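**Student:** This is the structure I have questions about; it appears just below.
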Amino acid sequence: MPGLLRAHETETNSEYSVPESGSTLLWGDWDLYEKLDEVLTGSGARVRFLDTVIQIIAPHSPDHEFKKGIISRLVETYCRIKGIRFSTFGNMTLKHADKEAGGEPDECYCFHENKDVPDLAIEVALTSGGINNLAFYAKFKVPEVWIWRQGGLTAYVRDAETGSYSSASESVVLPGLSLADVEPCSTMSFTSDAIAEFESRLSRCK
């Protein structure tokens, strides 16, 4: 994997500095992941672990937070209009030593009832590289993952039999929601304009 470094743990972990942008990849194990997660608490950085790879992710930029926010508001708008009960769990931690995976989504939701694993996880990938998002969420059997990358939004739905994800034009956890209505709204410059346009699109679909 390009950019992967071999970690040499010290008593202070002083060599594990927070990247200014993007992320840093290390070889490591569960114990090192948990220690780094603790050491970097409060730094704004996040730590993700999958199998033998640890990713230290730089604090989120304003662009990242704006994009995450606008996509989240569209999800919530759809639920409000359709009368779908939902809970927002933000960047709730998903971790399990036996699964050799730990980390946090950018945003996640449960629909109809609250659960230990979200129904929908949202990732905003403004930089390339790092741990494979779908491989990470497969460990926890998250039913649906939305990933924003390279100026576009893609929904991935998990096959319950194979455990693999495939891209989809419509949401499964939010029946009737077409990504063709979400994506163009998510590219707009103001959240209020995006919500208004999204509501207009939904009204035309009735």
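The values are calculated or read from the model by the stated rules, or taken from the named source; none is laboratory data. These numbers come from a predicted model, not from an experiment. With ideal geometry, Cβ positions are generated from the backbone for all residues, glycine too; neighbour counts draw on all protein chains shown.
**Student:** For segment 158-190, how many residues meet the condition of being surrounded by fewer than 17 Cβ atoms within 10 Å (Cβ to Cβ) and on the phi < 0 side of the Ramachandran plot?
**Tutor:** Qualifying residue count for the region: 19.
**Student:** I would also like to ask the following. Is segment 145-156 home to any residue that is closer than 23 Å to Leu36 by Cβ and touching a residue at least 40 places away in the same chain (Cβ under 8 Å)?
**Tutor:** Looking for residues that are closer than 23 Å to Leu36 by Cβ and touching a residue at least 40 places away in the same chain (Cβ under 8 Å), one finds none in segment 145-156, hence no.
**Student:** State which residue pairs qualify: first residue within 21 Å of Tyr109 (Cβ to Cβ) and inside segment 173-192, second residue assigned to a loop (DSSP other than H, G, I, E, B) and of a type in the set (Asp, Glu) in any location, beta carbons under 9 Å apart, and separation of 6 or more residues or different chains.
**Tutor:** Val173/Asp119; Leu174/Asp119
**Student:** Go through segment 125-149 and give me each residue that's of a type outside the set (Asp, Glu), more than 24 Å from Trp27 (Cα to Cα) and not in a loop (DSSP other than H, G, I, E, B).
**Tutor:** Val145, Trp146, Ile147, Trp148, Arg149
**Student:** Taking the conditions exactly as written (in contact (Cβ under 8 Å) with a residue 24 or more places away in the chain, surrounded by fewer than 20 Cβ atoms within 10 Å (Cβ to Cβ), among the small types (Gly, Ala, Ser) and not in a loop (DSSP other than H, G, I, E, B)), does Ala121 satisfy them or not?
**Tutor:** So Ala121 fails the test.
**Student:** Next up: Suppose we keep only residues that are assigned to a strand (DSSP E or B) and at pLDDT 90 or above within segment 49-78. Which one would you say is surrounded by the most Cβ atoms within 10 Å (Cβ to Cβ)?
**Tutor:** Ile54
**Student:** Any residue that is without any contact (Cβ under 8 Å) to a residue 12 or more places away in the chain and farther than 29 Å from Gly151 by Cβ - is there at least one of those in segment 39-56?
**Tutor:** yes
**Student:** Further question: Pairs under 7 Å by beta carbon, first residue of a type in the set (S, T, N, Q) in segment 107-118, partner at pLDDT 95 or above, six or more apart or different chains?
**Tutor:** Asn114/Ser87
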